[in-house]
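Asker: Submitted below is the structure of interest, expressed as C-alpha cells.
What follows draws every value from the coordinates through simple rules; no lab data is involved. Computed from a prediction, not measured in an experiment: that's the story for all the values here. Cβ coordinates were reconstructed from backbone atoms using ideal geometry, including for glycine residues, and neighbour counts include every protein chain displayed.
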Amino acid sequence: MVEYNILFKQIEGSDKLSYTFATVMGSALNKKIGEVSPEAGEFLHNRGYQGEHRNFKLLTHRLRPREYETTSNAMVLKGDKLIGWSIRFFDRNLAKVFEKSLLMNPVWELGDDFGHRQWEVVKSDLSRKPLFKPVMKYSLITPAPITKRNEKTGKSTYLVYKNQPEQVLEQIKKNIRNKAVALYNFGMAGDGFEEGLEDLDIRILGNARASGLVFKKSQPKPVPGNLFDFELIAPVEVQKLIYYGGFMGKTAMGCGYLKVI
C-alpha cells in the first residue's frame, strides 16, 4: 500500500485539459505499466483483482493543476504549467512496476479532445500513511459513482444519496464486502475478519451533494457521482482497502479518492 505524489511540468502541447482528463491519466497509467511489464499491464487492463462478484483495479488517483483558469469545457493551465498527480496502489508489487516506469521514461505523452501534450516528471515523493482504526471518518475528494443493477434487465441505475439514501447505503456495504474478498488473496483476512465484515456499518456526515461525471465522448450526458463525508466501521484491513484501492467503482478513472478527516 503506497501513495505517490507526482509533479509534472508541461513542456509541449495544448494548455487546455478537459474535465475528463483523469480518465486520460488512467489510460496512460495502464500503458506505462504495460511498457515495463506486459503481464502487469494486461492484468490491470483486462482482469484486475478478484472480488466476490466482480474484479477491481484497487488503485485510485487525483489530478490537481497548480495554477489554472476554468472555462465551460476545460481547465486552462497557467504560470509554470505544473500539474500535481496523487496515485494510490493497494498492491505494492504493482506500485513497484509504476516506480520503474517513472525512472525509465519521465516524459508522458498525453492526448484528449484539445490535442496532444508532453508532461515531464519534475518531482516524485511518497505520502505518509494514515493511522488506520476500526472506526474512520473520510471525505470524498473525487466523486464516487454508485449504481444498482436490475437483475431482470441487467441494466444499472446511478444512485444519488440525497434522492435514494437507503439504496446508496445498501450498495456501499455490498460493494465493500465484494471488494473485501480480494483481501484473502493478499493473505490479509485474519482471525475475526468475517465477523468484522458482518458488523460493517456506514454513516453519512453532514450534507451530501452530486457532481456530474463523463467517462467517454460517446456518453450522451453526465452521470451523477456522489460527494459526501462519512464514518465507516469496518476491520482495519478494509479501511486500508478503500483508502488505497479506492471507494466504490471507476477508481482507475479517478473516482473515489478519499481524505481522512
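Asker: Magnitude of the Cβ-charge dipole of the chain, K/R +1 and D/E -1, about the Cα centre, nearest 20 debye?
Answerer: About 520 debye.
Asker: Right, another one. Relative contact order for segment 135-260: what is it in percent, counting Cα pairs under 8 Å that are at least 6 residues apart?
Answerer: The value is 42 percent.
Asker: If I histogram all Cα-Cα distances within segment 2-126 using bins 5 Å wide from 0, what percent of pairs lands in each bin?
Answerer: 2, 10, 20, 24, 18, 13, 8, 3, 1, 0
Asker: Exceeding 28 Å between C-alpha atoms, which entries from my cross-link table qualify? They are 78/162; 31/174; 31/81.
Answerer: 78/162; 31/174
Asker: Now, a different point. Dipole of segment 79-154 (Lys/Arg Cβ +1, Asp/Glu Cβ -1, origin at the Cα centre): which of 138, 83, 106 lies farthest to the positive side?
Answerer: In segment 79-154, that residue is 138.
Asker: Using modelled backbone amide H atoms (1.01 Å from N, in-plane), which distant-in-sequence or interchain residues come within less than 5 Å of residue 256's amide H?
Answerer: When sequence neighbours closer than 5 places are left aside, the close amide H contacts are 142, 144.
Asker: For a test of the definition: using alpha carbon positions, the gyration tensor, and the 1.5 limit on a/c, classify segment 175-242 as rounded, prolate or oblate. Mind showing how you got there, number by number?
Answerer: Working: a/c = 3.89, a/b = 1.74, b/c = 2.24.
Cα axes put segment 175-242 in the oblate bin.
Asker: Summing Lys, Arg as +1 and Asp, Glu as -1, what charge do residues with Cβ under 12 Å from the Cβ of residue 90 carry, residue 90 excluded?
Answerer: Details: positive: 57, 88, 92, 179, 240; negative: 3, 91, 237.
Counting the neighbours of residue 90, the net charge comes to +2.
Asker: State to the nearest 20 debye the size of the charge dipole of segment 2-126 about its Cα centre, where the only charges are +1 on K and R beta carbons and -1 on D and E beta carbons.
Answerer: 240 debye
Asker: Hey, another quick one. Among [x] 18.4, 54; [y] 18.9, 58; [z] 20.5, 81, only one was calculated for this model; which label is it, if the read-out is Rg and Dmax of the Cα atoms in Å?
Answerer: [x]
Asker: If you don't mind, there's one more thing I want to ask. Considering only DSSP states other than H, G, I, E and B, which trypsin sites (Lys or Arg not before Pro) in segment 28-88 qualify as loop sites with at most 15 other Cβ atoms within 10 Å?
Answerer: Answer in residue order: 54, 66, 78.
Asker: Could you work out the helix-only [θ] at 222 nm for the chain, with each DSSP H run of four or more residues adding -39,500 (n - 2.57) and the total divided by the number of residues, to the nearest 500 deg cm²/dmol? Let's see the in-between values first.
Answerer: Values: 7 runs with 70 residues, N = 261.
Calculated mean residue ellipticity at 222 nm is -8000 deg cm²/dmol.
Asker: May I ask for the net charge around residue 258, where only other residues with Cβ less than 13 Å from the Cβ of residue 258 are counted and Lys, Arg are +1 while Asp, Glu are -1? Walk me through the intermediate numbers first.
Answerer: Numbers: positive: 62, 88, 137, 240, 259; negative: 3, 229, 231.
For residues surrounding residue 258, the net value is +2.
Asker: Starting from the amide H of residue 19, placed 1.01 Å from N in the peptide plane, find each other amide H under 5 Å away whose residue is 5 or more places distant or on another chain.
Answerer: Sorted by chain and number, the residues that satisfy this are 75.
Asker: Cβ under 14 Å from residue 66's Cβ, residue 66 left aside: what net charge do those residues give with Lys, Arg +1 and Asp, Glu -1?
Answerer: Neighbourhood net charge equals +2.
Asker: Using the charge dipole of the chain (Lys, Arg: +1 at Cβ; Asp, Glu: -1 at Cβ; taken about the Cα centre), state which of 257, 43, 185 has its Cα farthest towards the positive end.
Answerer: 257
Asker: Still on this structure, I have one more. Along the charge dipole of segment 2-126, Cβ charges K/R +1 and D/E -1, which of 33, 93, 14 sits furthest on the positive end?
Answerer: Of the listed residues, the answer is 93.
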